[in-house]
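Notes to accompany the following structure.
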Amino acid sequence: MRFAKSILPLIAFCLCLSCTLSAQPASVQPTAEPAVDNTFIQKQFGSTCSLIGLQPLTADLDGDGVADIVIPAKCTNPMMDQAENSFVVVDPYNSFFGYGDPRVTTQFASEDPDRRGYTLLLIHGAGPEAWHAAVPKAKFLIVNLPFKQVVVKKMTVKKNKPIMGIFIEETGGDQMTSVIFWDGKKYRYQPLGSSME
């Protein structure tokens, strides 16, 4: 009888605990990232942009701890939609060579007519939703990069301070490679010289 009296509180405690645990709400599943398709990029960068078949890449490009995205695309008239869609058109490639005003350089003829309008679309993420937030931190459309392949990986610009860079395998017979990186204020282009292979 003593044993039965001492076990009753334990059984009651276990029943209360099981009721409490079953009353807890199910854990909230994280929302899936949106598909990066033509609808997504046209919503972000305007109707003149479309995918070109290279995979989008995610990384923290600006060093704020939030995921950003790089989307290789083709935009036939990048200047037209920048005010309406709140992005900045930049030309770090031609800036490196002395003149990077995209209002002028977007009119330059391309060496390869099939690649005219090839761009990199960059979205700097904001908050827990990162690059697919309703209002991202910033958006950039990089023009005039002669790319055929894009890779994102770490690089060192300042001593012991690695940052993420967008490495480009350039078009052309010389198999040049280059890197685009965020310097804290803007995107910069730096030729590297050798192939990524």
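Electrostatic tally near residue 186: other residues with Cβ closer than 12 Å to its Cβ, Lys and Arg +1, Asp and Glu -1, net -1.
Beta bridges from DSSP with both residues in the range 41-181: antiparallel share about 90 percent, rounded to the nearest 5.
For the range 38-92, go through all pairs of different Cα atoms, get the mean of 1/r, take its inverse, and jot down that Kirkwood value in Å. One decimal place: 12.2 Å for the Kirkwood radius.
Note on residue 97: accessible area is roughly 130 Å² with a 1.4 Å probe, heavy atoms of protein only. Among residues other than residue 163 with Cβ under 14 Å from its Cβ, the summed charge is +3 (Lys and Arg +1, Asp and Glu -1). Accessible surface for residue 182 stands near 50 Å², nearest 10, in the context of the full protein assembly shown (1.4 Å probe).
A 1.4 Å probe over all protein chains sorts 137, 148, 154, 185 by accessible area into 185, 154, 137, 148, starting with the largest. Taking every protein chain into account, the 1.4 Å probe leaves residue 114 with about 120 Å² of accessible area, to the nearest ten. When the listed pairs 74/153; 137/186; 137/161 are checked against a 19 Å cut-off, the alpha-carbon distance exceeds it for 74/153; 137/161. Using +1 at the C-beta of Lys and Arg and -1 at the C-beta of Asp and Glu, which of 151, 87, 98 has the Cα lying farthest in the positive direction of the dipole of the range 87-160? Farthest along the dipole direction, towards plus: 151.
The values are calculated or read from the model by the stated rules, or taken from the named source; none is laboratory data. In this text, all values refer to a predicted model and were calculated from it rather than measured experimentally. No Cβ is skipped: glycine too gets one built from the backbone with ideal geometry, and neighbour counts run over all protein chains shown. Areas reflect the complete protein model, heavy atoms only, side chains present, ligands, DNA and RNA absent. Shrake-Rupley method; radii C 1.70, N 1.55, O 1.52, S 1.80 Å.
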